[in-house]
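A.B. asks: Structure in structure tokens, see below.
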Amino acid sequence: MPLMVIDRRTFLHGFLGLAGSACLLAIGHTKTALPLYAGARRDQDGTFSASLFNASGDVQRVSLPARGHDVAVRPGSQEVVVFARRPGRFAVAFSALKTIPSTRFFAKQGRHFYGHGVFSPDGKLLYTTENDFDNGVGIIGVWDATNGYQWVGEFSSHGIGPHDLALLDDGVHIVVANGGIETHPDMGRQVLNLAEMNPCLVYINRLTADLVEKVQLSKSLRQLSIRHLGVGKNNRVVFGCQYKGPSGDRPQLVGIHDRGQEIKFIHAPNDLLPDFKNYIGSVATDRSGETVAASCPRGNLIAFWNVANGKFLGHQALKDGCGLAPTNQPDQFLATSGEGVMARFSADNVTRLRTDQVHWDNHVTFVS
Amino acid sequence: MIRFFIFFFLIQTLPVAGATNEEILAVMARQTIEQHIRPGYLQLQTQSVRLHKKMQTLCDAPSPANLTQTQDQFAKTVLAFSFIEHIHFGPMVDFYRRERFAYWPDRKGRGARAVRKILRLEKDQTVLTADKLANKSVAVQGLTALELVLFQNQDKLLREKNSFPCRYGQTIAQNLVTIANQVVDGWGPKTDIVHQMLDPKPDNSRYRNRKEVVQEIYQAIVSGFQVLHDVRLKPVLGKSIERPKPKRAAFWRSGLAIDVMQSYLKGLRHLVEVSGFQNMLPANDVDLQRHVAMVYKEINQGFQSFEQENLNIADVVSHEDLRGVYEKIAARITHLNAGFARNFAVAADLPLGFNALDGD
């Protein structure tokens, strides 16, 4: 596309906030059976929603008051909870079963959600990453899913700016990515502690709230914010980072951690690393837990590694691609993009499924 | 293909009509560096050097007149910093220079507490040596620390020659000169960042093509306007007129809060204009040109109305009518940014990623 002049209508269109993407062209649908997924998005009319969907389209859709972020799946049901993007305070539980009404709940006063949550294995409790913004500390909120998502308690995330969290397969320990970035809703999304960032990965016993293990990055990487998590085979935790340091730096952005060990970074090729633009938007492990995918929406690509040995497997292009979730097939992922694309990806293959006139948000989640 | 009317400014700057996209992007990068970034940091360097001299004079000959002159020079330095503060890439970002130059926002007052402790105890000799000060907390070595020295310690500054607070202030000013020198040098013609911005190559670590360079400039504009609204103006309003938060404004202690907001906007507007983005608005569309000019004018008139009455930020956000003007300024800044953000990206064919721009 050539550079172009802005005509008045286009310019005012942007001013009025009515802009839709000019690039949302359907590329044809492939009627392939998809399992059920969930994701948040901005719709064509500029409003926000979350949806449970399969290959045929939406199974259930719920309107959101503002932009959503990630979705947590309640085990043993087709119910999910979508969270507000930070610094939002709302969350909405809804089900694929149309007979079950949605439930909206809000972070406590003085807290906002970071956009991620995880359920206990029995589906009774929901754990959410939250910001106690007046005190500048991270919180894990606990909500009773059996009682309309009543707030039942909270405990420390043992760090600042908890973002993603995941449950290990013992069902007891949760791993939390404390991104290390302090923000306050009164200051928008401004980083308040750039010079004092201290990201960490922590393991917490969800039953006792005890800190079990805390691992930090080296001092030279203190501006490398740990943001998103996946759990691979043998509880190997895979994480993706966003670098807040000088833009000329090119640190590795994807790492792995085994309990009791040091953090290790798995390497992308040096000639590809600049294309990551210091920004991983989402991380997911495949069904087998042996392959990890990381999306780089600023770099318009998705990269793949072997979880066990850290070997780089390849990358695929997807413009503004960010959402990643496992499919029923090993080594394969469903990916969604801000341009409405939905496709199946592996390190060596891409199958475009559909393109809708929506902007899929950062994450997509496998439901069943 | 470039349409003949695309870039009005290129008619004046490019030697050959029918410039390619690559040439247009190259001009945008060059003009940004040569007409905005370098002059901006040179001005900051000049003002910092003057500030250091004024501090020396004040320490050697403390007097109310010298203090006033030093405070005036402090204001000029702060405004020079605000003008170029939106440049979020390059040497000012390296080694925490930006935070060291001015530690703000200091939401919990941790930085101010640390500075006050130094001033109260007058024992920490490490703050009197520039090299050592540079290695201390970012909160105690920049403009925000100097503001406390100059505007909340006047009696101590005037009590004797070379008092501890004055020497501390002098050392801060020396540190500012050092940082400004480093940044000016860092934007020199043979530096890596300039080389990569002007001649991006696929194997570069920072910019691999010209579009990435212009994307960086675009981000500085869009995030700058967003910061101006979200971080500079809006927090000061507080939850209601009964509960305004004037101390959330940058440099409120020195009474510079409104001037700083204006300077920040001036810097952004200058970048929009000299980078070439402004010229993407068609010169022949009178209504559109008039619209943008009108928005700027409204904002400036609002700020000027505060200035004419010699109002400080606390007056503005706690008075109903003035607060209304202030809220309109904030709304107009958001309005401008919405227009610029989408349309500049479209015009320059930059990615307008839903997830990429300000993701999570």
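Bear in mind these aren't lab numbers, they're just calculated from the coordinates by the rules spelled out. None of the values given here were measured: they were computed from a predicted structure. All Cβ positions, even for glycine, are placed from backbone atoms using ideal geometry, and neighbour counts span all protein chains on display.
A.B. asks: Say we join alpha carbon atoms closer than 10 Å with springs in a Gaussian network model of chain A; which of A:Ala303, A:Ala317, A:Ala177 then has the biggest fluctuation?
C.D. replies: Result: A:Ala317 has the largest fluctuation of those listed.
A.B. asks: Ignoring trypsin sites (Lys or Arg not before Pro) that are buried or in helix or strand per DSSP, and keeping those with at most 10 other beta carbon atoms within 10 Å, what is the longest stretch of chain A between them? If you can, show how the numbers build up before the last one.
C.D. replies: On the way: sites that count: A:Lys31, A:Lys98.
The segment A:99-368 is the longest one with no such site.
A.B. asks: At A:Asp122 and B:Asp155, where each label point lies 7 Å from the Cα along Cα→Cβ, what is the point-to-point distance in nanometres?
C.D. replies: 6.6
A.B. asks: In the protein assembly as shown, with Lys and Arg counted as +1 and Asp and Glu as -1 at Cβ, which of these residues, B:Phe95, A:Pro162, A:Gly260, has the Cα nearest the positive end of the dipole, that is, farthest along it?
C.D. replies: Positive-most Cα among the choices belongs to B:Phe95.
A.B. asks: May I ask which of B:Lys190/B:Lys211; A:Lys214/B:Lys247; A:Lys244/B:Lys328 have a Cα-Cα span longer than 26 Å here? Mind dumping the intermediate values first?
C.D. replies: On the way: B:Lys190/B:Lys211 21 Å; A:Lys214/B:Lys247 36 Å; A:Lys244/B:Lys328 32 Å.
A:Lys214/B:Lys247; A:Lys244/B:Lys328, as the Cα separations exceed 26 Å there.
A.B. asks: Separate question: Please provide three numbers in whole Å: the alpha-carbon extents of the protein assembly as shown along the principal axes, with the largest listed first.
C.D. replies: Here the spans come out as 81, 66, 52 Å, largest first.
A.B. asks: Is the shape of the stretch B:103-169 best called rounded, prolate or oblate, per the rule: a/c under 1.5 gives rounded, else a/b larger than b/c gives prolate, else oblate, with a ≥ b ≥ c the square roots of the Cα gyration tensor eigenvalues?
C.D. replies: Oblate.
A.B. asks: Tell me the label-point distance for the pair A:Lys319, A:Leu168, using the 7 Å Cα-to-Cβ offset, in nm and rounded to one decimal.
C.D. replies: Placing both labels 7 Å beyond Cα along the Cβ direction yields 4.3 nm.
A.B. asks: Taking GluC sites (Glu not before Pro) as exposed when DSSP calls them loop (any state but H, G, I, E, B) and at most 15 other Cβ atoms lie within 10 Å, what is the longest stretch of chain B free of them, the sites themselves excluded? Please report the intermediate quantities before stating the final value.
C.D. replies: Working: sites that count: B:Glu122, B:Glu160, B:Glu242, B:Glu309.
It works out to B:1-121.
A.B. asks: Could you tell me which of rounded, prolate or oblate describes the stretch A:179-315, using a ≥ b ≥ c as the square roots of the eigenvalues of the alpha-carbon gyration tensor, with rounded for a/c under 1.5 and, failing that, prolate when a/b is larger than b/c and oblate otherwise? List each step's numbers first, then the result.
C.D. replies: Working: a/c = 1.73, a/b = 1.06, b/c = 1.63.
The shape class here is oblate.
A.B. asks: Based on DSSP H runs of at least 4 residues, each adding -39500 (n - 2.57), what is the mean residue ellipticity at 222 nm of chain A after dividing by all its residues, to the nearest 500 deg cm²/dmol?
C.D. replies: Calculated from helices alone, the mean residue ellipticity at 222 nm is -500 deg cm²/dmol.
A.B. asks: Determine the shape class of the stretch A:34-366: with a ≥ b ≥ c the square roots of the Cα gyration tensor eigenvalues, call it rounded for a/c under 1.5, and otherwise prolate if a/b is greater than b/c, oblate otherwise. Could the numbers behind the result be given before it?
C.D. replies: Numbers: a/c = 1.35, a/b = 1.04, b/c = 1.29.
Taking the square roots of the gyration eigenvalues as a ≥ b ≥ c, the stretch A:34-366 is rounded.
A.B. asks: Let me ask another. With n ≥ 4 as the cut-off for DSSP H runs, can you work out [θ] at 222 nm for chain B, using -39500 (n - 2.57) per run divided by the number of residues, rounded to the nearest 500? Write down the numbers at each step before the final one.
C.D. replies: Values: 17 runs with 227 residues, N = 360.
Dividing the helical sum by the residues of chain B leaves -20000 deg cm²/dmol.
A.B. asks: Taking chymotrypsin sites (Phe, Trp or Tyr not before Pro) as candidate sites, keep only those in a DSSP loop with at most 14 other Cβ atoms within 10 Å, then name the longest stretch of chain B containing none of them.
C.D. replies: Working: sites that count: B:Phe4, B:Phe5.
The longest uninterrupted stretch comes out as B:6-360.
A.B. asks: Between A:Glu262 and B:Glu22, what FRET efficiency follows from the Cβ-Cβ distance if R0 is 60 Å, with the result rounded to 0.05?
C.D. replies: 0.85
A.B. asks: Over chain A, calculate the relative contact order: mean separation of alpha carbon pairs under 8 Å at least 6 apart, over the residue count, as a percent.
C.D. replies: On the way: 1045 pairs, mean separation 48.3, N = 368.
Reported relative contact order: 13 percent.
A.B. asks: OK, next. Between their Cα atoms, which of B:Lys123/B:Lys161; B:Lys53/B:Lys132; B:Lys76/B:Lys234; B:Lys54/B:Lys234; A:Lys108/A:Lys264 are more than 26 Å away from each other? All intermediate terms of the calculation are to be shown ahead of the outcome.
C.D. replies: Values: B:Lys123/B:Lys161 17 Å; B:Lys53/B:Lys132 20 Å; B:Lys76/B:Lys234 24 Å; B:Lys54/B:Lys234 34 Å; A:Lys108/A:Lys264 36 Å.
Listed pairs above 26 Å: B:Lys54/B:Lys234; A:Lys108/A:Lys264.
A.B. asks: Turning to a different aspect of this structure: Between B:Ala180, B:Met197, B:Asn337, whose Cα lies farthest towards the positive end of the dipole of the protein assembly as shown when Lys and Arg beta carbons carry +1 and Asp and Glu beta carbons carry -1, centred on the Cα centre?
C.D. replies: B:Ala180
A.B. asks: Skipping prolines and chain starts, which residues have an amide H placed within reach, meaning under 5 Å, of the one on A:Gly314, given they are 5 or more residues away or on another chain?
C.D. replies: Under 5 Å from the amide H of A:Gly314: A:Phe304.
A.B. asks: Continuing with the same structure: Excluding same-chain residues fewer than 8 positions from B:Lys245, which aspartates and glutamates have a Cα within less than 12 Å of its Cα?
C.D. replies: Straight-line reach from B:Lys245, under 12 Å: A:Asp186, B:Asp315.
A.B. asks: If you average the sequence gap of Cα pairs under 8 Å that are 6 or more apart and divide by the length of chain B, what percent do you get for the contact order? Write out the running numbers ahead of the final one.
C.D. replies: Details: 432 pairs, mean separation 76.9, N = 360.
Relative CO of chain B lands at 21 percent.
A.B. asks: Measuring from label point to label point, each 7 Å out along Cα→Cβ, what is the A:Lys233 to B:Thr129 span in nm?
C.D. replies: Inter-label distance under the simple model: 5.7 nm.
A.B. asks: Note down the magnitude of the dipole of the protein assembly as shown about its Cα centre, charges +1 on Lys and Arg C-beta and -1 on Asp and Glu C-beta and zero elsewhere, to the nearest 20 debye.
C.D. replies: On the way: 82 positive and 70 negative charges, 195 e Å.
Dipole magnitude for the protein assembly as shown comes out near 940 debye.
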